[in-house]
Amino acid sequence: MVRQAIILLLLAVVLALAVNAVSPNSIPYVGKWRELSSGEGPVIPPEAEEGDPPFIGIEVARMEHDQGEALFVDAREPMEFACGTIPGSINVPFDYLPPGDLGQYFDSTLGVPKDHPIIIFCSGEECDLSLHLARNMQAFGYTNVEIFFGGSREWAEFGEPLERSPECEQ
Amino acid sequence: MRAVIDNDWLTMVSRLILGITFIYASFYKIIDPGSFAKSIWYYHMVPGSLINMMALVMPWLEFLCGVGLILGIYFRGSVAWIGVMLMVFLIALVSAISRGLSIDCGCFKAAADATGSAWRSLIFDIVLIPFLVQLLLTRSRRWMIRP
């Protein structure tokens with residue numbers, strides 16, 4: 001049984017390498033994947049691209065929150081926003097962006113100048129809503145957007161309080 | 001009991017159910033290892049440097065073991081790997097569900113959906129375990145090419 005299992009594994013490795021060498025969907029043998037945040041430096045998702053807004057970690061997020069100037073934007077849906085968000089954030093749910101003129105919507109919802117510091121987050125490593133929202137805001141001329149990809153989870157993990165509103169139904 | 005477990009037809013049914021499931025499951029992963037690698041990453045259970053190799057090799061192991069069960073080639077080795085993989089999936093799913101519920105992530109494109117599908121996968125995994133146990137115990141070697 002052990003001998004058969006080893007042969008099967010070797011065969012799988014050979015097939016995998018051979019097919020990956022010719023497949024149009026091939027991937028590198030060692031990928032660039034981020035580990036869970038240890039609090040040192042920002043979490044950067046694998047799908048981040050050149051030209052994306054900068055990513056910040058818990059220390060920077062905390063500092064900016066303490067300074068109180070930056071606008072924190074939660075990109076998750078309203079119920080999740082209600083059930084635990086970074087205090088003082090506003091909610092711009094990426095999945096429910098209205099049809100029509102997004103630029104106008106951003107301007108009226110955010111209510112800050114285009115160069116105002118904005119920090120976008122969602123719930124953490126599994127969530128890419130913050131990245132998508134940040135790209136959109138950047139495209140509509142917001143120049144000072146940062147992404148706190150560790151999100152509400154990293155925020156809570158490092159001892160910061162989350163704000164819960166009465167609309168939360170969980 | 002022994003006679004039931006060793007029954008050739010029952011063994012064949014278990015081989016087909018597990019074999020077809022694993023071959024079917026391997027297809028999209030073999031075709032699109034990049035997406036599968038990302039799925040593995042989401043679990044945060046595998047070191048980053050190993051994720052891509054795992055995403056490349058595991059689907060082929062699923063495929064080979066599925067074929068091994070159905071045709072009866074390297075039967076014992078195939079059953080062993082399928083057992084290992086079912087256990088790995090079980091642990092990963094339980095861990096993901098337990099963390100997912102506490103994370104309340106609206107993400108994954110569709111959070112509710114993602115949690116729902118994890119539950120479905122977990123139930124499916126558990127349903128397959130009796131067939132695995134039967135194949136581990138059976139002495140039937142009928143309709144096998146090279147067990």
Determine, yes or no, whether B:Asp32 is surrounded by 14 or more Cβ atoms within 10 Å (Cβ to Cβ), of a type in the set (Asp, Glu) and over 23 Å from B:Ile70 (Cβ atoms). yes
Residue list for the range B:65-97, restricted to those being of a type in the set (Gly, Ala, Ser) and more than 9 Å from chain A (Cβ to nearest Cβ): B:Gly66, B:Gly72, B:Gly83, B:Ala92, B:Ser95, B:Ala96
Answer yes or no as to whether A:Gly88 is away from chain B (no Cβ under 14 Å), at positive phi and not hydrophobic (A, V, I, L, M, F, W, C). yes
Out of the residues in the range B:35-52 that are buried (at least 20 other Cβ atoms within 10 Å of the Cβ) and facing chain A (nearest Cβ under 7 Å), which is modelled with the highest pLDDT? B:Asn52
For the range A:58-77, give me each residue that is part of a helix (DSSP H, G or I) and surrounded by fewer than 17 Cβ atoms within 10 Å (Cβ to Cβ). A:Glu59, A:Met63, A:Asp66, A:Gln67
Output the number of the condition that A:Gly100 fails; it satisfies all remaining conditions of (1) more than 10 Å from chain B (Cβ to nearest Cβ); (2) more than 17 Å from the chain's Cα centre (by Cα); (3) part of a helix (DSSP H, G or I); (4) among the small types (Gly, Ala, Ser). (3)
Just give me the residues in the range A:126-147 being surrounded by fewer than 24 Cβ atoms within 10 Å (Cβ to Cβ), out of contact with any Phe, Trp or Tyr (no Cβ under 6 Å at 6 or more places or on another chain) and within 14 Å of another protein chain (Cβ to nearest Cβ), in sequence order. A:Asp128, A:Leu131
Considering only residues that are closer than 26 Å to A:Glu160 by Cα and without any contact (Cβ under 8 Å) to a residue 40 or more places away in the chain, which ones fall in the range A:82-108? A:Ile90, A:Asn91, A:Pro93
Starting from residues that are part of a helix (DSSP H, G or I) and either of a type in the set (Phe, Trp, Tyr) or modelled with pLDDT under 90 (or both), keep the ones in the range A:148-170 and report whichever is surrounded by the fewest Cβ atoms within 10 Å (Cβ to Cβ). A:Glu157
Take A:Pro28 and decide whether it is free of Cβ contacts under 8 Å to residues at least 40 places away in the same chain and outside any helix (DSSP H, G or I). yes
Here is a check on your reading of the model: is A:Val145 of a type outside the set (Phe, Trp, Tyr) and over 12 Å from the mean Cα position of the chain (by Cα)? yes
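The values are calculated or read from the model by the stated rules, or taken from the named source; none is laboratory data. None of the values given here were measured: they were computed from a predicted structure. Methodologically, a virtual Cβ is constructed for each residue, glycine included, from the backbone with ideal geometry; neighbour enumeration extends over all protein chains shown.
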